[in-house]
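Enquirer: Pasting a structure here, questions to come.
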Amino acid sequence: MNLLAVSDVVTGYGPTIVNRGVSLTLGEGEIVTILGPNGAGKSTLLKAIAGLIRPRSGSISFDGTEVTGLAADVMARRGVVLVPEGRKIFVDMTVEENLRLGAYARRDDAAVETDFATMLAFFPILATKRRDKGGSLSGGQQQMLAIARGLMTRPRVLLLDEPSLGLSPLLVKEIKAIILGIGERFGASVLLVEQNAGLALSVASRGYLMQNGRIVVSGAIAELRDMSLMRELYLGGVTGATV
Amino acid sequence: MRAVDIFIQQILNGLSIASVITLIAIGVTLIFGLTGIINFAHGEFLMIGGIVTWLAVSAGLGFPLAVVLAILAVGLMGYILERGLFRFTLERPTNGFIVSLGLIVVLQHVVVLFWNPNQKSIPRPLTTVWEVGGVRIASVRVMVIAITIAVVALSFRMITASRYGRALRASVEDRDTAALMGIPVRRYITGVFVLGSALAGLGGALLIALFPITPFTGGTMVMKGFAVALIGGLGNIYGAVAAGLILGIVEGFSAGYGFSQWTDAYSFALMILVLIVRPHGLFGGTSGPRMAS
């Protein structure tokens, strides 16, 4: 059964329609990517799944339960967590405080401490910078912190929005290793939105190509890679396809 | 009396009034930081705290119990107003500001309607005046300052050390991202209204312990509270407390050196000066919540 199922979701801001009937699924333990050019509606779809915006129509179900229109804090407590585009670190708070905020809704204090130690081990840079303000970190460090903070919620579905944005190729490689480790180390399924097709194609097992708010192609990664349409629409662009 | 004695006495006077203003400023700055709403009716919350204290003391209750009643009553009022009015303005904080302007008129006139527009006062809860080396110190002023320090210290402790405080600061910094952490931001908004109102209720109780009040006392007090919040940086609770302290010293100093007729102008002069030099306040504020993009 699908852990997350989005069906026929329409989103928009004011008079603008962004997603025009999007359907997709994410299975337990899967890493699935949504590819597409800037402005295709990928981030908006993630926000709708995470509960930051309410879909105009369509439905979203998680773990067999209808969750359409639930608020973001409720979704986070249920286990669907968005690591937003641009990291959105709490800049005035320390690295440790940022991480502990991720555990806000949890009551299993002992497990939180274990997870906290795990994060510092999994992201060594965060251990070094533990007492530094979030705002003093570099872009790459902030991205690590944002992912770690998201993992501290103990998500079952982690929605990653452009984790490679603005990062050097070396850091993108590090992010790639982290995404691949999320499933086995933290037991979360990942829905990844990326403009860096190289990164997305190298970590995901399935993918969707979104254009103008619609899914135009979907399939296994190997199929997507070979698809000429995909190449025309997307990979012919500027984003580096090598990771 | 030596000049230095007068000076100390005036500083004490300045600080006791500044205590009340700081209690307003904390509420104003917290509510703005989380919701973007500038609640100008906060002065009326303070006034109602004073009225409740006056009613309780007039009914024969002791001052400490009256203070508790004022805190509870105004806190409850804050809860009702947030649930009944302000929560509908969260998407457009300017509407919340306009609602607060309307509330000023309503709250003032409800009080006038039931308890007439005349001055109200209570007997001083502490009448002792200490003489320390020529300096006369009214114990009631020390009480006001001490209670304020205790409450502010407790609030700081809650905000810096507890998980609720951490979540509150996160919500002030970025409401959407806080929600992504599972923080029920709406409940924090209600909580901040209740806390801010309760502090205003306390401020009103302390104010009437110092001076008589009228149903129209709220106006000047909220203007000063707002000035203090701006000087400290809107949304910055530490800034509000520091600016309140500065204002107390400046007002006391000016009164002690013969410019007392200008006392009310200093907070505003200071505000204008600070805003020219540092538009985000002395200690840096927020520009209100980031709206969903």
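Enquirer: Students often forget the sequence filter, so: which aspartates and glutamates lie under 12 Å Cα-Cα from B:K224 once same-chain residues fewer than 8 apart are removed?
Expert: Result set, ordered by chain and number: B:E251, B:D264.
Enquirer: Would you list which lysines come within 27 Å of A:K173, measuring only between C-alpha atoms, while excluding same-chain residues fewer than 8 positions from it?
Expert: Candidates past the 8-residue exclusion: A:K42, A:K47, A:K88, A:K129, A:K133.
Enquirer: Could you state the angle between the C-alpha long axis of helix B:185-210 and the longest principal axis of the C-alpha atoms of chain B, as a value from 0 to 90 degrees rounded to the nearest 10?
Expert: Between the helix axis and the principal axis of chain B, the angle is about 10 degrees.
Enquirer: Continuing with this model, one more query. With angles folded into 0 to 90 degrees, how steeply does helix B:218-232 sit against the dominant principal axis of chain B? Use alpha carbons for both and round to 10.
Expert: The helix B:218-232 is inclined about 70 degrees to chain B.
Enquirer: Could you tell me the extents of the protein assembly as shown's C-alpha atoms along the three principal axes, largest first, rounded to whole Å?
Expert: Between the extreme Cα coordinates on each principal axis of the protein assembly as shown lie 92, 48, 45 Å.
Enquirer: Sticking with this one: Å³ per residue of the Cα convex hull, for segment B:109-250? Please list the in-between numbers first.
Expert: On the way: hull volume 20.3 nm³, N = 142.
About 143 Å³ per residue, rounded to a whole number.
Enquirer: Taking Rh as the Kirkwood radius computed over C-alpha pairs, what is the Stokes-Einstein D of segment B:3-277 at 10 °C in a medium of viscosity 1.306 mPa s, expressed in µm² per second?
Expert: Details: Rh = 18.9 Å.
Reported coefficient: 84 µm²/s.
Enquirer: For A:92-104, what's the mean count of beta carbons from other chains sitting within 10 Å of each residue's beta carbon? Can you show the working numbers first?
Expert: Details: counts 7, 4, 0, 0, 0, 5, 3, 0, 4, 12, 3, 3, 10.
Shielding by partners across A:92-104 averages 4.
Enquirer: Using unit Cβ charges (K, R positive; D, E negative) and no other charged atoms, how large, in debye to the nearest 20, is the dipole of segment A:2-235 about its Cα centre?
Expert: Values: 26 positive and 23 negative charges, 69 e Å.
In total the dipole reaches around 340 debye.
Enquirer: Here is a further query. In peptide A:146-157, what is the residue-averaged number of other protein chain Cβ atoms found within 10 Å of each Cβ?
Expert: Details: counts 1, 0, 0, 3, 2, 0, 1, 3, 0, 0, 0, 0.
Other-chain Cβ atoms within 10 Å of each residue's Cβ, averaged: 1.
Enquirer: Sticking with this one: Between segment A:25-80 and segment B:203-230, how far is it from one alpha carbon centroid to the other, in angstrom?
Expert: Cα centroid of segment A:25-80 versus Cα centroid of segment B:203-230: 48 Å apart.
Enquirer: Please report Rg over Rh for segment A:2-235, where both radii come from the alpha carbon positions and Rh follows the Kirkwood definition.
Expert: 0.96
Enquirer: Something else about it: When you look at the Cβ of every residue in B:168-176, what mean number of other chain Cβ atoms sits within 10 Å?
Expert: Working: counts 0, 5, 7, 2, 2, 7, 5, 1, 8.
Counting other chains' Cβ atoms within 10 Å and averaging over B:168-176 gives 4.
No value in this document is a laboratory result; all are computed from the given coordinates. Predicted model, so just to flag it, every value in this text is computed and none were measured. Glycine gets a Cβ as well: all are built from the backbone with ideal geometry, and neighbour counts include every protein chain shown.
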